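The values are calculated or read from the model by the stated rules, or taken from the named source; none is laboratory data. Just so it is clear, the model here is predicted, and its values are computed rather than measured. Cβ sites come from the backbone with ideal geometry, for glycine too, and all protein chains shown count toward neighbours.
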Amino acid sequence: MISPTPDPPYVAVIFTTTRSSDTSGYAEMDARMEALAAEQPGYLGIESVNEASKGITVSYWETSDAARAWKHNTEHFDAQQIGRGRWYESYSLRVATVERDYGFERSSTAHR
């Protein structure tokens, strides 16, 4: 599902991963982190695509300060440590300011 976002500017945190073969507990932690992020001030939404060994998650925040506060959330920090030790072979994190935002949605009542 595509996250609804406000008019720009806002912040996107793009987390791209290559996972290890040890996926024990990954799905549960991923679900917990999504739920926890949604409770944080300044949170706007999240989108995620995961394949067997690769993943891309984009979280959206009102400000860079809100995104930074999420990075330093204690439970999130603990999950980061577990990820480095168990789940990830590599990852990249990019923080960007969204300047433009547009899209397309096919109407469910569109005529063919």
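Within the stretch 13-28, the set of residues being aliphatic (A, V, I, L, M) and either more than 22 Å from residue 72 (Cβ to Cβ) or surrounded by 17 or more Cβ atoms within 10 Å (Cβ to Cβ) (or both) comprises 13, 27. Restricting the stretch 61-109 to residues that are touching a strand residue (DSSP E or B) at 6+ places or on another chain (Cβ under 6 Å) and part of a helix (DSSP H, G or I), the residue that is nearest to residue 39 (Cα to Cα) is 67. With respect to being over 16 Å from residue 1 (Cα atoms), at pLDDT 95 or above and surrounded by fewer than 13 Cβ atoms within 10 Å (Cβ to Cβ), residue 53 falls outside the description. Of the residues making up the stretch 16-25, not a single one is in contact with a Leu (Cβ under 7 Å, 6 or more places away or on another chain), among the polar types (S, T, N, Q) and not in a strand (DSSP E or B). Take residue 64 and decide whether it is more than 21 Å from residue 42 (Cα to Cα) and either of a type in the set (Gly, Ala, Ser) or loosely packed, with under 12 Cβ neighbours inside 10 Å (or both). Here the answer is no, as residue 64 does not meet what is asked. The condition of being out of contact with any Cys (no Cβ under 9 Å at 6 or more places or on another chain), modelled with pLDDT of 95 or more and small (Gly, Ala, Ser) holds for residue 69. Taking each residue of the stretch 1-16 that is in contact (Cβ under 8 Å) with a residue 60 or more places away in the chain and at negative phi and looking for partners that are basic (Lys, Arg) and part of a loop (DSSP other than H, G, I, E, B) with beta-carbon atoms closer than 7 Å, six or more apart or interchain, yields 8/100.
Being β-branched (Val, Ile, Thr), over 29 Å from residue 8 (Cβ atoms) and touching a residue at least 24 places away in the same chain (Cβ under 8 Å) is a property that holds for residue 82.
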